[in-house]
Amino acid sequence: MHPIFAIYQRWRMREAMRKCAAILLIASLATAPPAQAQSVSADSPDAVEAAFLFNFAKFTSWPAVNDLDTSIKFCIQKNTIDPAAFAGWGKKRVQNRPVRVAFFGALTDSDLDNCGVMYIGEIPADAKIGDIARKAAANSTLLVSNVEGFGKAGGHIELYLVNRRLRFKVNLAELTRARLSLGAGVLNLAEIVTTEGQPK
């Protein structure tokens, strides 16, 4: 076999393996935890968004864990994701840490307390994403939302639909500011964005 052809074949194989790994990771991100309530279809929008949150947590690195609260707390804005999508999560573990789910109404400073992951489906009229991000950074809270423009406004992960498939944007600079990091496999699937007004 000609050396050039052999190199080309190896390159094709590596590309195929990379695409296969990406497909598997997307599938894992979109797969709901197995103990999910039967009342919520595993492929419903609520179940898929909840599954993405769960899997984002699996691939997130937080600063040193506070000994007073070793759980990973998911803070979900009320009237966004059906609470039934989180049924059974209290028995789960992420990174060998127990999981808690809490629902909040008004977006106050206390809502960010001990939150590992916060999901926001609607930005209050008197709030700005940038201000929320700064408060989250102080608590190392991972901010996720499906609000359009969330990533460019300073949010960490923005969920969006493409051809009825859920995809996500990641703001790396804001993640770093919050002392958070995501696994390379997740970042390879993300659209990387920067905060508007800041250099890329």
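The values are calculated or read from the model by the stated rules, or taken from the named source; none is laboratory data. Note that this is a predicted model, so its numbers are computed, not measured. Using ideal geometry, Cβ is built from the backbone for each residue, glycine included, and neighbour counts are taken over all protein chains shown.
Does at least one position in segment 180-191 carry a residue that is surrounded by 17 or more Cβ atoms within 10 Å (Cβ to Cβ) and over 16 Å from the mean Cα position of the chain (by Cα)? Looking through segment 180-191, none of the residues is surrounded by 17 or more Cβ atoms within 10 Å (Cβ to Cβ) and over 16 Å from the mean Cα position of the chain (by Cα).
Tell me which residues, restricted to segment 131-144, are assigned to a helix (DSSP H, G or I) and crowded, with 21+ Cβ neighbours inside 10 Å.
Result: ILE132, ALA133, ALA136.
Checking LYS128, LYS78 one by one, the residue that is farther than 26 Å from GLY183 by Cα, surrounded by fewer than 16 Cβ atoms within 10 Å (Cβ to Cβ) and in contact with a Gly (Cβ under 7 Å, 6 or more places away or on another chain) is LYS78 and no other.
Entry remark, segment 165-188: residues being within 17 Å of SER145 (Cα to Cα) and either assigned to a loop (DSSP other than H, G, I, E, B) or among the basic types (Lys, Arg) (or both) number 5 in total.
Among what's in segment 56-84 and is at pLDDT 90 or above and more than 16 Å from the chain's Cα centre (by Cα), pick the residue that is nearest to PRO45 (Cα to Cα).
ASP82
If the condition is being of a type in the set (Lys, Arg) and under 18 Å from VAL144 (Cβ atoms), then segment 72-96 contributes LYS73, LYS78, LYS92. Within segment 145-164, track down each residue that is of a type in the set (Asp, Glu) and outside any strand (DSSP E or B). Within segment 145-164, just GLU148 meets the criteria. Within segment 143-158, the residues that satisfy the criterion of being out of contact with any Gly (no Cβ under 8 Å at 6 or more places or on another chain) and over 16 Å from LEU107 (Cα atoms) are GLU148, GLY149, GLY151, LYS152, HIS156.
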